[in-house]
Amino acid sequence: MAAPSPARSFLGTMGLVFLAIAAIFAADMFLARMERAESHVEAARLFRQGRDSMLRGENAEAIERIKGAISIERGNRDYLRTLAQAQLAAGKTADAESTLEELLQSDSTDGLASLIMGRVLVKEGRFAEAISYFHRAVYGQWDAAAAANRLRARFELIDLLAQRNSKEELLAELLPVQDRASRDLKTQIRLGRLYLLAGSPPRAAVVFRGILRDSPANADVYAGLGEAEFAQSNYRTAQRDFQTALRLAPDDQATRQSLDRCNELLMLDPALRGLSREEYFRRSRKLVELTLGEASQCAGRNPSPELQGLLDQAAKALKAPVSAGRQGEAAESNLDLAERLWQARRKECAAPPATDSPLALVLARIAQ
Amino acid sequence: MDNNGRPPWIARLSGSLERLRQSEDQLALVLSVVIGALVSLVVVAFILLTGRLAARMYPAGGAGWRRILVPTLGSLSTGYLLWRYFPFARGSGIPQTKYALFINDGRIRFRTVFGKFFCCSASLASGISLGREGPSVQVGAGIASVVGRSLGLEAKQVKALVPAACAAALAAAFNTPIAAVLFTLEEIMGDLHAEVLGSVVLSSATSWMVLHLVLGDEPLFHVAGYRLVHPVEFGVYAVLGVVGGLGSVCFVKLLLGIRARFMRLPKWTVWFQPAVGGLAVGLMGYFVPEVLGVGYNQVEKVLNGDIVLKLVVLLAVLKIVATAVCYGTGNAGGIFGPSLFIGSMMGAAVGGVAHALFPAHTAGPGAYALVGMGTAFAGIVRTPMTSVIMIFEMTRDYTIIVPLMISNMIAYFISLKLQKEPIYEALAQQDGVHLPTRHSRAEAERAQVRQAMRPPPAVLSPDQRVASALRQVEDGGFDAWPVVGAKELWGMIRTSELERAAAGGGSNKKIADILGHRPPAGHPTTEEFPHLHTDHSLSLALERMGASGLNVLPVVSRANLRQLMGIVALSDVLGVYGVARRGGDPERSE
């Protein structure tokens with residue numbers, strides 16, 4: 001048998017080599033697909049374990065498991081976000097921040113990652129940055145239930161602003177929420193309360209009245225409405241609302257305190273309609289007496305000549321006998337004196353007066 | 001149909017291939033691509049298969065006894081197969097590839113490739129503490145050898161294909177195409193300027209592309225971005241270089257020592273020697289499972305700063321022992337992977353201590369683990385350039401390069417100082433094979449013309465008469481003499497030419513007439529004008545003497561080929577190598 005020519009042998013061998021390449025390529029693709037499938041299952045198993053550990057509060061274990069899952073399925077954003085949550089729960093805020101930075105670098109619009117980052121930064125006391133991330137969460141992309149998640153993010157931001165007493169920002173966040181928020185009782189009461197915190201009692205009152213249409217016998221709503229009316233200086237209405245709230249929930253100590261404060265204010269307020277001249281005068285003297293006490297207490301032993309002059313004037317006014325015919329004129333004079341004394345006290349005393357005390361509220365109302 | 005009864009397209013294809021076969025350069029390039037693709041696919045199959053096998057041998061939540069039994073049985077069975085059927089598939093694969101390249105004209109048998117592939121896969125999957133990269137290189141080289149010989153290539157063509165395959169294998173195993181090229185040139189060929197550079201680059205690039213096609217674009221390790229925190233860190237990286245260098249020397253000496261002891265045992269024990277390594281690593285793995293296998297998962301954890309200081313120190317020590325025992329007892333597997341593991345643990349340990357002491361001035365331990373990998377690689381394998389590029393490619397993190405270079409070079413020099421032979425050369429010597437080493441090549445290159453050069457004993461003038469010249473060079477002992485006119489070297493005139501002219505009645509002829517030309521302008525070639533420069537190697541001097549048939553050559557300036565600086569005679573060259581010619585040099589003996 002003749003030996004094959006070199007050319008034919010060359011051609012045949014090259015053919016075999018290409019055949020081998022095709023066969024091994026197919027085998028590799030099969031093996032790689034199998035590997036990926038098995039890796040996916042293994043990663044999902046570890047992730048499940050990690051999430052369960054997290055739910056049980058075993059955060060260190062959760063972190064281990066989720067990291068294991070991530071090392072197998074590296075690009076999985078769900079795993080990374082959950083890892084960040086576990087790290088946050090474990091108090092490892094720096095680790096959580098680093099995990100989230102990686103996520104946000106690849107997609108800065110990731111809503112959930114931004115929300116978790118906001119929480120991490122709140123925990124680190126970096127509030128300005130946290131607020132920025134909450135905004136990114138509100139306007140970012142969400143995999144599912146985008147509207148609900150955005151609302152949740154906004155409420156977290158609102159809670160932060162409420163804690164920080166940032167009234168203007170809080171109001172700005174509350175306004176868009178009002179129409180989108182759930183109509184359930186709890187959410188609506190929360191919204192009303194938040195309006196109160198944001199310094200917008202009329203809006204709070206509208207919300208509470210709106211609730212009363214559907215739930216007319218809710219003590220919390222009446223208490224909230226009372227606060228809203230009180231903040232708008234509608235003390236009699238507030239008193240009625242507090243009383244109703246207490247009728248519905250007699251053990252509510254907070255409402256009782258509010259009612260007491262309201263009652264005290266109503267007993268002190270000389271501007272109420274329908275007061276007799278004697279009562280008007282009595283209240284004006286009471287105001288001078290209370291203001292004098294406050295000012296004397298905070299001024300100490302060496303008040304300024306101006307304050308001292310007013311203190312002397314007040315003491316004199318309290319001692320001076322007033323005939324029934326001059327009570328109206330004397331009441332006006334007392335109120336003027338009380339207001340001046342209050343202003344002088346505010347100027348001179350280091351400790352500011354409590355702005356929500358009945359005395360301060362009444363004097364503020366008189367000044368208006 | 002053509003005359004042989006073939007369809008026209010086959011005839012055309014056959015003709016094209018035949019033309020390709022005739023053109024050596026084109027064939028080399030085409031085969032580089034083909035071999036690159038083939039080797040890459042085989043290496044990917046090797047890695048995936050090993051991973052699948054390992055997953056079967058160690059299922060999640062498996063019992064602890066598996067960690068003793070599996071490596072012991074794995075190494076016992078593969079040890080028997082290696083002894084009985086595949087004796088050339090033992091060990092790492094790098095020295096074996098070099099034997100094939102430098103001793104056997106690139107010849108590796110298919111049986112060896114087959115044995116290496118399956119025995120290594122089984123052995124590594126069973127948890128033996130060795131790496132997959134060295135074996136991949138031997139498998140790749142073997143494939144190139146088998147394909148090249150099957151194609152009917154000449155030995156030198158097969159030899160040229162082997163380095164290309166090595167680069168392809170390493171590029172696929174480590175996902176580091178540039179480092180693969182460098183390693184092939186630096187370690188396998190021992191010459192960064194080797195002629196096969198083009199094929200090596202092409203093959204490595206093809207391999208990398210195929211790897212990405214199959215497995216996607218994933219670096220071997222995912223690392224958080226690290227940077228230099230404070231200049232004081234350079235000091236810590238220097239300390240890491242020292243620790244890495246010392247650790248590397250300990251590892252190499254331990255491995256060579258254990259191997260030497262096992263090689264002295266009776267021959268009949270060879271088949272079960274690997275089981276000793278398997279049992280040892282199994283016992284370690286029973287208590288510390290992280291020791292088993294190549295351990296890249298652990299490396300990745302450490303690189304990301306996920307460490308406990310005591311554990312990394314323990315792992316560094318155990319891995320040194322485990323790898324040394326596994327390799328020394330004759331298991332099939334490489335030391336690349338373990339080097340990276342050991343280095344990362346040493347780095348994390350140094351970084352962990354430094355970070356605890358100077359938290360504000362140092363990066364986390366992960367950064368040091370990263371640099372430690374390169375440091376140990378430079379110390380153990382002694383390829384500092386490769387290690388720098390490899391770490392960069394593995395992690396794609398550029399910021400750590402400068403500390404890495406510092407640390408690498410320190411480790412390299414410590415290793416060079418304390419362990420004379422690089423590991424692969426020492427392993428070859430234990431096998432009784434003396435490969436050309438980088439050191440020996442460097443030594444050869446170090447002997448230069450300037451060491452053998454001397455002033456010309458006699459200089460002839462172009463206007464000098466032949467008779468006068470003959471008198472001048474009488475008993476000079478050289479074949480030729482420099483002819484210099486107007487401070488310009490015209491060339492060399494042979495004594496035989498002068499004698500022939502005198503015998504022909506031309507005693508009164510001028511030398512210029514015999515030379516027949518004036519010094520030509522431009523750039524004469526070496527053939528037209530045999531010459532040397534002071535920085536040429538003596539081996540080149542010998543080559544040029546051989547080519548020109550002269551036992552003396554002029555040494556000229558690189559800036560001006562016509563400026564004679566001296567001469568080099570054959571006796572001078574031999575003298576530098578300590579080989580004096582019998583009777584000595586007539587000029588010098590006078």
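The values are calculated or read from the model by the stated rules, or taken from the named source; none is laboratory data. None of the values given here were measured: they were computed from a predicted structure. As a convention, Cβ positions derive from the backbone with ideal geometry for all residues, glycine included, and neighbour counts pool all protein chains shown.
Number of residues in the stretch B:444-491 that are farther than 23 Å from residue B:504 by Cβ and either hydrophobic (A, V, I, L, M, F, W, C) or in contact with a helix residue (DSSP H, G or I) (Cβ under 7 Å, 6 or more places away or on another chain) (or both) equals 14. Set side by side, the residues B:550, B:470, B:515 differ, and just one is within 24 Å of residue B:453 (Cβ to Cβ) and either in contact with a Cys (Cβ under 9 Å, 6 or more places away or on another chain) or modelled with pLDDT of 80 or more (or both), which is B:550. If you check A:231, A:219, A:181 for being small (Gly, Ala, Ser), in contact with a Pro (Cβ under 7 Å, 6 or more places away or on another chain) and either surrounded by fewer than 24 Cβ atoms within 10 Å (Cβ to Cβ) or under 17 Å from residue A:156 (Cα atoms) (or both), only one passes: A:231.
The listed residues are A:134, A:127, and the only one of them that is in contact (Cβ under 8 Å) with a residue 12 or more places away in the chain and buried (at least 18 other Cβ atoms within 10 Å of the Cβ) turns out to be A:134.
Looking across the stretch B:118-136, the residues that are closer than 25 Å to residue B:394 by Cα and not in a helix (DSSP H, G or I) come down to B:127, B:128, B:129, B:130, B:131, B:132. Of B:409, B:390, all but one fail to be in a helix (DSSP H, G or I) and within 16 Å of residue B:336 (Cα to Cα); the exception is B:390.
The set of residues from the stretch B:486-498 being of a type outside the set (Asp, Glu) and surrounded by fewer than 19 Cβ atoms within 10 Å (Cβ to Cβ) comprises B:486, B:487, B:494, B:495, B:496.
The single condition from (1) crowded, with 17+ Cβ neighbours inside 10 Å; (2) at pLDDT 90 or above; (3) within 8 Å of another protein chain (Cβ to nearest Cβ) that residue A:20 fails is (1).
The sole residue among A:259, A:266 that is modelled with pLDDT under 90 and under 22 Å from residue A:360 (Cα atoms) is A:266.
Taking the stretch B:261-358 and the helices (runs of 4 or more DSSP H) fully enclosed by it, the elements with 1 or more residues that are more than 21 Å from residue B:431 (Cβ to Cβ) and either hydroxyl-bearing (Ser, Thr, Tyr) or not assigned by TED's automatic domain parsing to the domain that holds residue B:379 (or both) are at B:273-287, B:296-303, B:336-357. Limited to the stretch B:210-219, what total is found for residues that are surrounded by fewer than 17 Cβ atoms within 10 Å (Cβ to Cβ) and in contact (Cβ under 8 Å) with a residue 24 or more places away in the chain? Counting residues in the stretch B:210-219 that are surrounded by fewer than 17 Cβ atoms within 10 Å (Cβ to Cβ) and in contact (Cβ under 8 Å) with a residue 24 or more places away in the chain gives 2.
With the requirement that a residue be hydrophobic (A, V, I, L, M, F, W, C) and surrounded by fewer than 19 Cβ atoms within 10 Å (Cβ to Cβ), what does the stretch A:54-70 give you? A:55, A:60 - these are the residues of the stretch A:54-70 that are hydrophobic (A, V, I, L, M, F, W, C) and surrounded by fewer than 19 Cβ atoms within 10 Å (Cβ to Cβ). Taking every residue in the stretch B:40-55 that is at the interface with chain A (Cβ under 7 Å from one of its Cβ atoms) and part of a helix (DSSP H, G or I) and pairing it with any residue that is aromatic (Phe, Trp, Tyr) and surrounded by fewer than 22 Cβ atoms within 10 Å (Cβ to Cβ), at least 6 positions away or on another chain, the pairs with Cβ-Cβ distances below 6 Å are B:41/A:25. Would you say residue B:89 is over 25 Å from residue B:337 (Cβ atoms), touching a residue at least 40 places away in the same chain (Cβ under 8 Å) and in the same structural domain as residue B:36 (by TED's automatic domain parsing)? Spelling it out, it is not the case that residue B:89 is over 25 Å from residue B:337 (Cβ atoms), touching a residue at least 40 places away in the same chain (Cβ under 8 Å) and in the same structural domain as residue B:36 (by TED's automatic domain parsing). Scanning the stretch A:322-368 for residues that are under 15 Å from residue A:296 (Cα atoms) and of a type in the set (Gly, Ala, Ser) yields A:338, A:344, A:350, A:351. Just one of (1) more than 14 Å from every other protein chain (Cβ to nearest Cβ); (2) buried (at least 24 other Cβ atoms within 10 Å of the Cβ) fails for residue B:142. It is (1). Only one entry of B:6, B:109 meets the criterion of being within 14 Å of another protein chain (Cβ to nearest Cβ) and either without any contact (Cβ under 8 Å) to a residue 60 or more places away in the chain or of a type in the set (A, V, I, L, M, F, W, C) (or both), and that entry is B:6. The set of residues in the stretch A:193-220 being within 19 Å of residue A:246 (Cα to Cα) and either in contact (Cβ under 8 Å) with a residue 12 or more places away in the chain or under 14 Å from the mean Cα position of the chain (by Cα) (or both) consists of A:193, A:205, A:208, A:209, A:211, A:212, A:215, A:217, A:218, A:219, A:220. The residue list A:43, A:90 contains one member that is more than 11 Å from chain B (Cβ to nearest Cβ), surrounded by 13 or more Cβ atoms within 10 Å (Cβ to Cβ) and closer than 22 Å to residue B:364 by Cβ, which is A:90. In summary, residue B:216 fulfils each of the numbered conditions (1) closer than 30 Å to residue B:364 by Cβ; (2) at pLDDT below 80 with the single exception of condition (2).
Tell me, which residue of the stretch B:303-322 that is within 14 Å of chain A (Cβ to nearest Cβ) and within 32 Å of the chain's Cα centre (by Cα) is nearest to residue B:392 (Cα to Cα)? Here the residue is B:303.
Conditions tested, residue by residue: (1) buried (at least 17 other Cβ atoms within 10 Å of the Cβ); (2) in the same structural domain as residue B:303 (by TED's automatic domain parsing); (3) not β-branched (Val, Ile, Thr).
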{"residue": "B:153", "(1), (2), (3)": "yes, no, yes"}
{"residue": "B:159", "(1), (2), (3)": "yes, no, yes"}
{"residue": "B:175", "(1), (2), (3)": "yes, no, yes"}
{"residue": "B:181", "(1), (2), (3)": "yes, no, no"}
{"residue": "B:186", "(1), (2), (3)": "yes, no, yes"}
{"residue": "B:195", "(1), (2), (3)": "no, no, yes"}
{"residue": "B:202", "(1), (2), (3)": "yes, no, yes"}
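To keep it simple, each residue is scored yes or no on (1) surrounded by 12 or more Cβ atoms within 10 Å (Cβ to Cβ); (2) under 40 Å from the mean Cα position of the chain (by Cα); (3) aliphatic (A, V, I, L, M).
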{"position": "A:274", "(1), (2), (3)": "no, no, no"}
{"position": "A:298", "(1), (2), (3)": "yes, yes, no"}
{"position": "A:302", "(1), (2), (3)": "no, no, no"}
{"position": "A:317", "(1), (2), (3)": "yes, no, yes"}
{"position": "A:328", "(1), (2), (3)": "yes, no, no"}
{"position": "A:348", "(1), (2), (3)": "yes, yes, no"}
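Looking across B:399, B:375, one residue alone is of a type in the set (S, T, N, Q), assigned to a helix (DSSP H, G or I) and assigned by TED's automatic domain parsing to the domain that holds residue B:306. It is B:375. Considering only the stretch A:15-27, I want to know if a residue exists there that is in contact (Cβ under 8 Å) with a residue 12 or more places away in the chain and either touching a Lys or Arg at 6+ places or on another chain (Cβ under 7 Å) or of a type outside the set (Phe, Trp, Tyr) (or both). Among the residues of the stretch A:15-27, not one is in contact (Cβ under 8 Å) with a residue 12 or more places away in the chain and either touching a Lys or Arg at 6+ places or on another chain (Cβ under 7 Å) or of a type outside the set (Phe, Trp, Tyr) (or both), which makes the answer no. Yes or no: residue A:27 more than 12 Å from chain B (Cβ to nearest Cβ), at pLDDT 90 or above and crowded, with 16+ Cβ neighbours inside 10 Å? Judged against the criteria, residue A:27 is not a match.
Applying a threshold of 6 Å to beta carbon distances and a minimum spacing of six or more residues, or different chains, the list of pairs starting in the stretch A:94-116 at a residue that is away from chain B (no Cβ under 14 Å) and ending at one that is surrounded by fewer than 22 Cβ atoms within 10 Å (Cβ to Cβ) and aromatic (Phe, Trp, Tyr) reads A:111/A:142.
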